[in-house]
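In what follows, a structure is listed as structure tokens, so that the remarks can point back to it.
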Amino acid sequence: YEVRYSEGWVARWGRASAPQRFSSDASTVRLTSERRWVVTIHGLRSGTAHALQVRGITRTGSATKWSNMSEAMTTLADDAADAVSVTSFPRANGAVAASSSSKVADQSGNETLEELSERLKSLLAFVCSYAVSGVELPSVRVKPIAEKAPEVLADLTSPQVQVLEAVMRQEDEELWLTKLPDFLIHQAPARCSTFFLRELWTHLRRCALIACLHGHDPESAETQARLYACLVLPRSNKRLQAAPPDVLVDKDEDSLHYDRVLELVSKSLARSAQAQIASKRAAGQAVNSLDVLGEQLREYSAGQRGNTLIADTPAASSTTASSSLMPTVALLAWPWSSVVEAEDDEAVESQKLSSAAAEDSEPPCPTRVAEALFKPLRWEEHPATIIFLLSLWLLPTLVSAARFATQSLYPMFKRTVRLDFSLAGLALLLLVAQVGGVALVTVLRSQLDKVACLPATVVFVAFAAAPGVSIWLATRSLLKSLAVAPCFVLLAIHSLGSGYLRWADDLLDDRTLEGRPLPSLVWGRRRQLFAVRMHRLLWGLLVADFFLEEVLGQWFGVHSIRCLGPALAPPDQEATTPAEFQSPAFLLFLVAAAAHERVLGLTKRQTVMVRMLGARPGQIPYLKLFLMGAPSVGGLHTVALGFLRDVSPSKWWCCAALFLRRWGAFGGVCIPFSLYILRDHQFLGRLSKDTLIPLSVVVGSWLGYSASSSFAAIWHECEEHLDSEYRVLYLFPHMRKSTRTWACDALCQAFRQNPDDSGRHASNDEPWQVTKLSRSVFNSVAGGLTGLLQWRPADGSEDNGEGLAAQGGSSGYGANGSDMPTSGNSSNGLRRRGTGTI
């Protein structure tokens, strides 16, 4: 080819220069992996506009027609007179001309790890600066992130929910058909591939847009450091490579060190590229390091997305539980067994997840990692909001308790008591109370995030028992409201449906993600959706009935028709309705039902669980990355590992949480029904005490045996994991099996590296020891209660598993068919206390 240029004068172009010939083997030509030619033209005047023309030279020496004049381009001033620039942007780190020898080295991929890492480091900084600040060319303009974000935000109806979807719809395909790739390749500080530039540009720009939409400044060093961390590729062995703590994370500010993050990310990318290059060389393929890295970035972002609903285990995991089920449950569940098996035969049924599970268990990719790093906590995920909703859920119970306390304590408060107290003492007492109250409020407001957290065991057990407790309360309310009015019966059925849907969603998600067995009473996803629609329809009926009967009929006196509500007593007679169901009980029950459903939905999320466990807002992004299985460099995962080591409960409480998660709903139904049938005079309550007491003992023994056998089955199923250091990970919901395995390996590695450092990370971050003290007191009490449930021979000797099996074989306890699980290793198990009884 030949090229000539013309200089721009006042009103026209000057005379064309002499043609300069070039070919693919010329020193002024650099070939990219896409066979694009980057030509360096010498002899250009600095600070002058130029227009180029190109023509081809045939093999015989003939020339084709000159092309049309190109668009005007202006050379830089002074320092780089031989380079052409289309804008006034400064060049990054020197010239871009490359020699033919370095070009050949790039094509063959013979760079060392240090050389490739340095090249990637400069390219990452270069692309990030232009992706954030935008590019303005005569033919195309790429808006800065600060201008692009408001346009995306204006199209969103709910920014906190649809940000990721809106960002993924921002395609940049048309940009790569313009002069943008030529500009980026020319301005790049090192040899580069257009394919790699395109992938890097797309990911950095999307991640920066997510950061800006969530209120972060994309120009700041802290934000850009997190943008680089989003590009780390997963290792092939899925294991965490631990690093010294606090390498990247500032302990006081939870901030990332920009230079250190950039260096480690570039080394990680270079290591991933060279590992792939080695495998391709072994197959005899010609490779380019940046092309390989671009393919890895594309596979990481596009290949893993869309697989959110795919389970990690075969379809055989959908079989129902048999031997480990509670005997009582087996008798109650047989009518639904055929329905569940018919639904589980469909492959699509085993691949659907609830919305919370889909959000928590989605495989990591750059945009998902960016959302975890930059997305702030929702207002409803704050512990104060959870406690407020919980108080609204228990509002009818609290009102009944307050009514009972008032009736019991009111006679005592009517008594007159005379106290001789001086005025000075009264003034001093009021002054001390005022000063102490102001100081307490000030300190609590400043340290609220660090003090307001519950013991870890309480949080795990409460989250696992939430569906069972809600079903127990709903069943109890249902049985009590049968004789009152249909509206309260429907409210109880609605609350019962809320608890069942939450419990069924948890078990269906566990089956899909981890292949755990599914009880027969749990419906498939298709019938589950039908139950959700009926649940919403029932709620609409209750709200309409409240408006028509309570608001219009009783409050405004428009009519006196009663359809679902309790009958109104005549004005001269006393109401026969129990006090807890009198007005405004319907309103309280409606508010409680709405709060109840919201609490059950929020307690499914991993973010709410880690927040209730006491994680500070700065620690939550790192915990999200660890629980989703996102790759990390340096010390990003040390924050999550230190936190998880501090909140790990004992193995007995872990097993109790797993038991409540799987079987708590059945206990919530069976226990109230059993008590109602045994106590109500319409059923067995009319029997004599000589008959009723033995019958009650038999029913209680049967329920206790069922619970004990199910607990033992769960223990023997998970005994290997419960005895290990990573048992806390089995209490977090919505984790894929591969992710949980990877996280368990990481946590075990952290324990091996620092065996005597358990809990140091969390305790150093809390200036007050209130949380540590409360957890220690609770753990002591829990340990004492656990000791009462352990077995020890009456002679006071210690058992080692085998002795326990030999002594307990005749009484039904021990390794052979024992109800209480035992451990074959006395050093790993807990000491058994007691006098030979439970």
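Scanning the stretch 212-222 for residues that are assigned to a helix (DSSP H, G or I) and either more than 23 Å from residue 117 (Cβ to Cβ) or in contact with a Cys (Cβ under 7 Å, 6 or more places away or on another chain) (or both) yields 212, 213. Return the residue satisfying two criteria in turn: it lies in the stretch 246-275 and is open to solvent by 70 Å² or more (accessible area, probe 1.4 Å) and of a type outside the set (Lys, Arg), and of such residues it is modelled with the lowest pLDDT. Step by step, filter the stretch 246-275, then rank; the result is 246.
With the condition kept exactly as written, say whether any residue in the stretch 195-211 is polar (S, T, N, Q), outside any loop (DSSP other than H, G, I, E, B), on the phi < 0 side of the Ramachandran plot and buried (at least 16 other Cβ atoms within 10 Å of the Cβ). Taking every residue of the stretch 195-211 in turn, at least one turns out to be polar (S, T, N, Q), outside any loop (DSSP other than H, G, I, E, B), on the phi < 0 side of the Ramachandran plot and buried (at least 16 other Cβ atoms within 10 Å of the Cβ).
Scanning the stretch 165-190 for residues that are at pLDDT 80 or above, open to solvent by 30 Å² or more (accessible area, probe 1.4 Å) and either in a loop (DSSP other than H, G, I, E, B) or basic (Lys, Arg) (or both) returns 178, 179. So, of the residues in the stretch 465-504 that are among the aliphatic types (A, V, I, L, M) and touching a Gly at 6+ places or on another chain (Cβ under 7 Å), which turns out to be modelled with the lowest pLDDT? Per the criteria, the residue is 485. Being open to solvent by 90 Å² or more (accessible area, probe 1.4 Å) and under 17 Å from residue 490 (Cβ atoms) is the filter; apply it to the stretch 548-569 and report the residue that is nearest to the chain's Cα centre (by Cα). The residue in question is 548. Residue pairs whose Cβ atoms lie under 7 Å apart, sitting 6 or more positions apart in sequence or on different chains, and linking a residue in the stretch 721-747 that is within 19 Å of residue 463 (Cβ to Cβ) and in contact (Cβ under 8 Å) with a residue 60 or more places away in the chain to a partner that is in a loop (DSSP other than H, G, I, E, B) and β-branched (Val, Ile, Thr), are 728/647. For the stretch 588-693, the helices (runs of 4 or more DSSP H) that sit wholly inside it and include 2 or more residues that are touching a Gly at 6+ places or on another chain (Cβ under 9 Å) are 638-646, 651-679. Under the condition of being surrounded by fewer than 18 Cβ atoms within 10 Å (Cβ to Cβ), under 27 Å from the mean Cα position of the chain (by Cα), modelled with pLDDT of 75 or more and not small (Gly, Ala, Ser), the residues counted in the stretch 135-164 number 2.
A single entry from 58, 75 fulfils the requirement of being at pLDDT 85 or above and more than 30 Å from residue 292 (Cβ to Cβ): 58. The single condition among (1) modelled with pLDDT of 85 or more; (2) surrounded by fewer than 14 Cβ atoms within 10 Å (Cβ to Cβ); (3) within 35 Å of the chain's Cα centre (by Cα); (4) of a type in the set (A, V, I, L, M) that residue 373 does not satisfy is (2). One residue stands out in the stretch 418-457 among those that are over 38 Å from the mean Cα position of the chain (by Cα), at pLDDT below 85 and not small (Gly, Ala, Ser): the one that is most open to solvent (accessible area, probe 1.4 Å), namely 418. Within this structure, residue 68 fails the test of being modelled with pLDDT under 85 and either of a type outside the set (Asp, Glu) or open to solvent by 40 Å² or more (accessible area, probe 1.4 Å) (or both).
Here residue 518 qualifies as open to solvent by less than 40 Å² (accessible area, probe 1.4 Å), of a type in the set (A, V, I, L, M, F, W, C) and in contact with a strand residue (DSSP E or B) (Cβ under 6 Å, 6 or more places away or on another chain). In the stretch 479-494, the residues that are without any contact (Cβ under 8 Å) to a residue 60 or more places away in the chain reach residues that are open to solvent by less than 20 Å² (accessible area, probe 1.4 Å) and not in a helix (DSSP H, G or I) with C-beta atoms within less than 9 angstrom, at least six apart or across chains, in these pairs: 489/481; 492/481. For the stretch 688-713, a residue qualifies if it is open to solvent by 70 Å² or more (accessible area, probe 1.4 Å) and not hydroxyl-bearing (Ser, Thr, Tyr), and the qualifying residues are 689, 690, 693, 697, 698, 702. Against the numbered list (1) open to solvent by less than 70 Å² (accessible area, probe 1.4 Å); (2) out of contact with any strand residue (DSSP E or B) (no Cβ under 7 Å at 6 or more places or on another chain), residue 51 comes up short only at (2).
The values are calculated or read from the model by the stated rules, or taken from the named source; none is laboratory data. A quick note: this is a predicted structure, and the numbers were derived from the prediction, not measured. Backbone-built Cβ (ideal geometry, glycine too); neighbour counts: all protein chains shown. Ligands, DNA and RNA are excluded from the accessible area calculation, which covers all protein heavy atoms including side chains. Shrake-Rupley method; radii C 1.70, N 1.55, O 1.52, S 1.80 Å.
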